[in-house]
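Worksheet: one structure, shown below.
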Amino acid sequence: MIEIRELRRAFGGVVALDGVSLTVAEGERRAVIGPNGAGKTTLINVLTGEIAQTAGMIRLAGRDITRLRSWQRARLGLAHVYQRTELFALLSARDNVALAVAAREGPYRVFRAPPRAEYSEADTVLGRVGLAGREDAAARALSHGERRQLELAVALAQRPRVLLLDEPTAGMSPLETARIAELIAGLDRALTILIVEHDMDVVFRLADRVTVLHEGRIIADGTAADVRGDVRVHDVYLGKAVTVA
Amino acid sequence: MRPFLRWALVAAAAAALVTFPYWSAPWASRFATTVVRDALILAIFALSLDLLVGRAGMPSLGHAAFFGAGAYAAGIASQRLATDQLPVTLGAAALVAALLALLIGVLVVRSEGIFFLMLTLALAQIVFAIAFQWTAVTGGSNGLAGVGRPMLASLDFSAPDLMYVLVAVTFVLVALAVWGLARSTYGRALIGVRENERRMRALGYDTARLRLSAFVLAGTIAGIAGALSAYSTRFVSAQDAGLGNSVRAFVTVLVGGAGTLGGPILGSALVSLIERVVPSLLPTDLRISDAILGIIFIAFVLFARQGMVGLGRFALLRVSRR
Amino acid sequence: MTAELVFQQALNGLSFGALLFILASGLSLVFGMMDVVNLAHGAFYMLGAYVALSVVQLTGSFWLAMLAAPFALGLLGFALEPLLLRRLRGRHLDQVLLTIGVSLVIVDVIGQVWGREVRSLSAPAGLDGSVALIGGVYPVYRLFVMAFGVALAVAMALVYRRTKIGMLIRAGVEDAEMLGALGVNTNRLFASTFATGAALAGLAGVIAAPVFGVQPGMDTDPGLLYSLVVVVVGGLGTLSGAVAGSVLVGPADTFGKVLFQDVALAVIFAIVALVLLLKPTGLLGRIRIAR
């Protein structure tokens, strides 16, 4: 589903991604882990198209999307849950999701009011992520955990083929974390998910395969069990220098 | 209030507005009609700017370029094309304004906030300077005189009362259009672009195209306002495209209340009042209506950023709490 | 066009460029430090010219005017920043809107106090002659303007790079908030910066007066229009940007006027358009995201 080849991204002198290649199959749950500064968020941002790559190629469902803009990739089925919530603060939860629903149609019906079907679908999605009853609340009035749930709802409302989650449980209590993890685990198996996470419990709960990133390079790639036992991964997390094979 | 009742009231108000010169003749002077007419032209201009400033979050300080373009196009069309027919001259105005908005829009649409404001100002100023110096086509600093009478078949709209009706009807149509647009999926998308453009792009919206379309739409309506101004005074001045006019519209929108339907309308009423009534209250050699406007503008930016509509809402909130 | 004419126009272009630098540097400085595009900059420029007019009328000395006008504008700027702008600290767009209001007031007041006729200011004695140059004579004053512009640029560069004030300014341009956290009195720094920007605008007004005259409308043309074009083309917020922009726009405008006369500004439009399409932050600029 996702194919990345030799992806490079440099910011001036700093190389954030140094030749990353990986393939994620359709329906797979792939976790990307690594210490801070490893390039995980950069990887996501290059995938979504918000940041351009310095070199390399990206394929989505076999189609080369390397040159496409972020909105074009979104239309091809890529949805992004941001590390730091990016919502429409003043709008209600329902409106936030409705915008995502409407995105599928295209906004150029100039004088047509938003159809009721949009709002009812928005409410349905909000119910699925556990925000039933909070539809009318303004996004900025929600708690941190609720906002992360809303972010997930917005992404799901896009009916994506690929879901990119950037630290979805960041800043959450154990209870909220467990809830979100269950939510993600319960998502449609046809949906391909790439999740960047720090919380290892979540990773081992959700991931089919795990990719470990360090200083912009992949140093390990395998099933959760494989990675758990990999010495190099341990070293990296303990701060020791690692030579990449 | 039931929808039917609300619509009936709106229709009645619109009808009263359009027929103003006729039912006010006994007690209002001709001057009153021209004042209201000019206020309505400003309102159309301000409503179009509010699409950008209030809805799409694009603070444009060069909107008069399109107003002026429409005015010049209507005037030049009536002279060069040897026709006074309204559809032709008004159509020319809309077309020229739209094309200019497209040209400038393509250049400015990827910038935001202050940078966008600066660019629209600079580019519009260049347009103004061209209009000011291109004497052969625009009459240069002397302006374009002898704008043709707006005719529809054999109906001559240059008669003051009919001119007013033309302006008022256009105003009602534009206000309705803006109202409908605000409630549409397009209007909601514009708000989305304003609130969080990054998110909109992540959802799949082509935000650059959304902004460009808003820019061109706003510019076209401004061009129509400019044409109406040209018809009313039978004259086009280079100042119609100048910074002063852009600032005027911006002040109108902000002081009235950006992002609302009533805001630009209220703002036009206030600005027209200041421009028309204040000079008649002051000694003739004291011409400071711009300074007064400036002080009011500063006051609103400092203390009442949401404009008069915002103040009204605030007052209503206070009252309802009692 | 003869070679002499080209040479003359080139000199005109360069002296106009020098003037543009003096004018635009203040705008760029204020933006670099405070993230505010001072739209009253043209009004300050205009006020400087009119103040110079009065000073010359009173004392007969152009040189005194050259000191008095920037000083007066500096005082005005120093008073306006805490009075108005400081209340909106952090709301950059609203601060810009505020400067629009200030501009409206200043221009109207100028019209009230000095009248709305076209006035003129002659170059000071000693600089009002012509000098023999390749292909004829050339006004000395324009050469003076050129020299002054270069001197100012050099002086600003030296202050910028070699003095403590310059270091503060450079740091402030990078991150003013951080400076505050380090204990620098940002209130005074901002007020001083704004005052300096105003003073520079006033200085430009005085120096430009013998060349461009003193009349209503000068706040927008050449004032605001050209300072904006220079910083958009050259890059906002940097000294080198102001220099690059002036050096490009000055001659381009002069030659445009000679070649295209009525639609000369279409050349400027084309240049701005080209820069925006190819390098939106300006030739030497660093864009600051400011809402």
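The values are calculated or read from the model by the stated rules, or taken from the named source; none is laboratory data. Since the model is a prediction, treat every value here as computed from it, not as a measurement. When we count neighbours, we look across all protein chains shown, and the Cβ atoms used for this are built from the backbone with ideal geometry, even at glycine.
Tabulated data
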item	result
Output for the range B:242-268, where each listed residue is of a type in the set (A, V, I, L, M, F, W, C) and under 17 Å from residue C:104 (Cα atoms)	B:243, B:247, B:249, B:250, B:251, B:253, B:254, B:255
Checklist (1) within 19 Å of the chain's Cα centre (by Cα); (2) surrounded by fewer than 22 Cβ atoms within 10 Å (Cβ to Cβ) applied to residue B:167, failing item	(2)
Test: residue in the range C:101-123 that is more than 18 Å from residue C:45 (Cα to Cα) and either over 18 Å from the mean Cα position of the chain (by Cα) or among the hydrophobic types (A, V, I, L, M, F, W, C) (or both)	no
Residues of the range B:197-228 satisfying the condition of being crowded, with 22+ Cβ neighbours inside 10 Å, farther than 30 Å from residue B:93 by Cα and of a type outside the set (Phe, Trp, Tyr)	B:199, B:200, B:201, B:202, B:203, B:204
Residue list for the range A:156-189, restricted to those being more than 17 Å from residue A:27 (Cβ to Cβ) and of a type in the set (A, V, I, L, M)	A:157, A:170, A:172, A:175, A:178, A:180, A:181, A:183
Some residue of the range A:141-155 being in a helix (DSSP H, G or I), more than 30 Å from residue A:33 (Cβ to Cβ) and more than 11 Å from chain B (Cβ to nearest Cβ)	yes
Some residue of the range B:240-257 being among the β-branched types (Val, Ile, Thr), out of contact with any Ser or Thr (no Cβ under 9 Å at 6 or more places or on another chain) and free of Cβ contacts under 8 Å to residues at least 12 places away in the same chain	no
Residues (within 8 Å of chain C (Cβ to nearest Cβ), of a type in the set (A, V, I, L, M) and surrounded by fewer than 21 Cβ atoms within 10 Å (Cβ to Cβ)) located in the range B:128-153	B:136
Options B:43, B:74, B:65: the member that is over 22 Å from residue C:100 (Cα atoms) and of a type outside the set (Phe, Trp, Tyr)	B:74
Residue list for the range B:151-184, restricted to those being closer than 16 Å to residue B:227 by Cβ and part of a helix (DSSP H, G or I)	B:162, B:163, B:164, B:165, B:166, B:167, B:168, B:169, B:170, B:171, B:173, B:174
Test: residue in the range A:100-116 that is of a type outside the set (Gly, Ala, Ser) and assigned to a helix (DSSP H, G or I)	yes
Candidates C:6, C:51 - the one that is at pLDDT below 90 and aliphatic (A, V, I, L, M)	C:6
Check on residue A:155, at pLDDT 90 or above and of a type in the set (A, V, I, L, M, F, W, C)	yes
Some residue of the range A:137-148 being farther than 24 Å from residue A:4 by Cα, touching a strand residue (DSSP E or B) at 6+ places or on another chain (Cβ under 8 Å) and surrounded by fewer than 21 Cβ atoms within 10 Å (Cβ to Cβ)	yes
Residue match in the range C:14-30 (condition: surrounded by fewer than 22 Cβ atoms within 10 Å (Cβ to Cβ), part of a helix (DSSP H, G or I) and touching a residue at least 60 places away in the same chain (Cβ under 8 Å))	yes
Close pairs from the range C:228-245: first on the phi > 0 side of the Ramachandran plot, partner of a type outside the set (Gly, Ala, Ser) and part of a helix (DSSP H, G or I), Cβ under 7 Å, at least 6 apart	C:237/C:31; C:237/C:173
Residue in the range A:110-128 that is in contact with a strand residue (DSSP E or B) (Cβ under 7 Å, 6 or more places away or on another chain) and either surrounded by 15 or more Cβ atoms within 10 Å (Cβ to Cβ) or modelled with pLDDT of 85 or more (or both) present	no
Every residue from the range C:89-124 that is under 27 Å from residue C:62 (Cα atoms), of a type in the set (D, E, K, R) and at the interface with another protein chain (Cβ under 7 Å from one of its Cβ atoms)	C:108
Among the candidates A:202, A:154, A:196, A:233, residue that is more than 27 Å from residue A:97 (Cα to Cα) and in contact with a helix residue (DSSP H, G or I) (Cβ under 9 Å, 6 or more places away or on another chain)	A:233
Residue satisfying condition, being within 14 Å of the chain's Cα centre (by Cα), assigned to a helix (DSSP H, G or I) and within 13 Å of chain A (Cβ to nearest Cβ), within set B:271, B:193, B:251, B:216	B:216
Qualifying residue in the range C:20-32 (condition: over 30 Å from residue B:53 (Cα atoms) and not β-branched (Val, Ile, Thr))	yes
Any pair with Cβ under 6 angstrom, 6 or more apart, that starts in the range B:282-296 at a residue that is aliphatic (A, V, I, L, M) and ends at one that is surrounded by fewer than 18 Cβ atoms within 10 Å (Cβ to Cβ)	B:292/B:274; B:293/B:274
Subset of the range A:15-31 (residues that are surrounded by fewer than 20 Cβ atoms within 10 Å (Cβ to Cβ), touching a residue at least 40 places away in the same chain (Cβ under 8 Å) and within 16 Å of residue A:59 (Cβ to Cβ))	A:21, A:22, A:25, A:26, A:28
Residues being within 14 Å of chain B (Cβ to nearest Cβ), under 28 Å from residue A:226 (Cα atoms) and not in a strand (DSSP E or B) - total across the range A:47-80	1
Residue pairs meeting the criteria (Cβ under 9 Å; at least 6 apart or on separate chains; first modelled with pLDDT under 85, in the range A:95-108; second part of a helix (DSSP H, G or I) and of a type in the set (Asp, Glu))	A:105/A:118
Number of the exception - residue C:226 against (1) surrounded by 24 or more Cβ atoms within 10 Å (Cβ to Cβ); (2) at the interface with chain B (Cβ under 8 Å from one of its Cβ atoms); (3) among the aromatic types (Phe, Trp, Tyr)	(2)
Options C:75, C:67, C:98; residue that is in contact (Cβ under 8 Å) with a residue 24 or more places away in the chain, assigned to a helix (DSSP H, G or I) and not β-branched (Val, Ile, Thr)	C:75
Criterion: touching a residue at least 60 places away in the same chain (Cβ under 8 Å), not in a helix (DSSP H, G or I) and not basic (Lys, Arg) - qualifying residue of B:187, B:148	B:148
Single match in B:290, B:285 (criterion: within 11 Å of chain C (Cβ to nearest Cβ) and loosely packed, with under 12 Cβ neighbours inside 10 Å)	B:285
